[in-house]
1. Plugging the Kirkwood radius over Cα pairs into Stokes-Einstein for segment 1-64, at a temperature of 20 °C and a viscosity of 1.002 mPa s, what D comes out in µm²/s?
2. Which one of Phe92, Ala57, Ala69 is farthest out on the positive end of the charge dipole of segment 8-95, using unit charges on Cβ (Lys, Arg +1; Asp, Glu -1) and the Cα centre as origin?
3. Could you work out the relative contact order of the chain? I mean the mean sequence separation of Cα pairs under 8 Å and 6+ apart, divided by the number of residues, in percent.
4. Please report the carbon-and-sulfur percent of the accessible area for the chain; probe 1.4 Å, protein heavy atoms only, DNA, RNA and ligands left out.
5. Of (1) 22.9, 81; (2) 18.3, 60; (3) 16.8, 59, which one was derived for Rg and Dmax of the Cα atoms in Å from the structure shown?
6. When the chain is modelled as a GNM with alpha-carbon springs shorter than 10 Å, which of Met41, Met167, Met102 fluctuates the most?
7. If the elastic network links every pair of Cα atoms under 10 Å, which of Ser204, Ser131, Ser29 fluctuates the most in the Gaussian network model of the chain?
8. Most fluctuating residue of Tyr156, Tyr55, Tyr178 in a GNM of the chain with Cα springs under 10 Å: which is it?
Amino acid sequence: MPDLEFQVTGVEAATRGLTPLLHFKLEISNKPEKETIQAVMLHAQVQIQTPQRAYNADEKEKLVELFGAPERWGQTLRNRLWGFCNTTVGAFAGKVETVLAMPCTFDLNVAATKYFQGLEEGDAPVLFLFSGSVFYESKGGQLQVEQISWNKECAYRMPLQAWRDLMEHHFPNSAWFYVNRDVFERLCAYKRSQGFTNWDETISCLLGDEEKARAAV
């Protein structure tokens, strides 16, 4: 019976996709190498291991919305779900490399985005929890299928720069957020009444920087 092991070996921003994706490089090995693996249908739940890193004062201030006051972080720092990714691997013997494509967003209403945006440097600890099916050839030449053991997982320290490069590629020098429609209509009315041509000018004025907003008109 196959006994697969998983190891994330790297990550890079996918720059050619229409939507933001992080490509995690995954190494899969079968130990001991007794069977020829015909295929693997792999699923991964990805969690952010928030207790597994230190935070400076500025990061603590930015992450208050997620975790509350820093003095409570001993109780509030818990693994957070980031998302899910899937892949299918073809036939191999012993070891193979593949890619897990992780969908990302710059929506600041999403907890994972708030977390990555709040970090200033270093890395983000993530945990991959694997499941799925393994198709392999038995000694008698028959095709067999087994479920991947529920305890298969691996941890990875994701360089924060990979996420930043991805966001900068898809949303250069910008950010976005949701507001209720009635609030948006009020903002639009204010923008028209003041003669502003873009949202930077409008929000700068609302934030009290009217001189800068007028200069940009």
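1. Details: Rh = 15.7 Å.
Reported coefficient: 136 µm²/s.
2. Working it through, the farthest residue towards the positive pole turns out to be Phe92.
3. On the way: 385 pairs, mean separation 52.4, N = 217.
Once normalised by length, the contact order is 24 percent.
4. Values: 6360 of 12870 Å².
So the carbon and sulfur contribution to the accessible surface is 49 percent.
5. Structure-derived value, by its label: (1).
6. Met41
7. So, out of Ser204, Ser131, Ser29, the one fluctuating most is Ser204.
8. Tyr178
The values are calculated or read from the model by the stated rules, or taken from the named source; none is laboratory data. From a predicted model like this one, the values you see are computed outputs, not experimental measurements. With ideal geometry, Cβ positions are generated from the backbone for all residues, glycine too; neighbour counts draw on all protein chains shown. We work out accessible area using only protein heavy atoms, side chains counted, and drop any ligands, DNA or RNA first. Shrake-Rupley method; radii C 1.70, N 1.55, O 1.52, S 1.80 Å.
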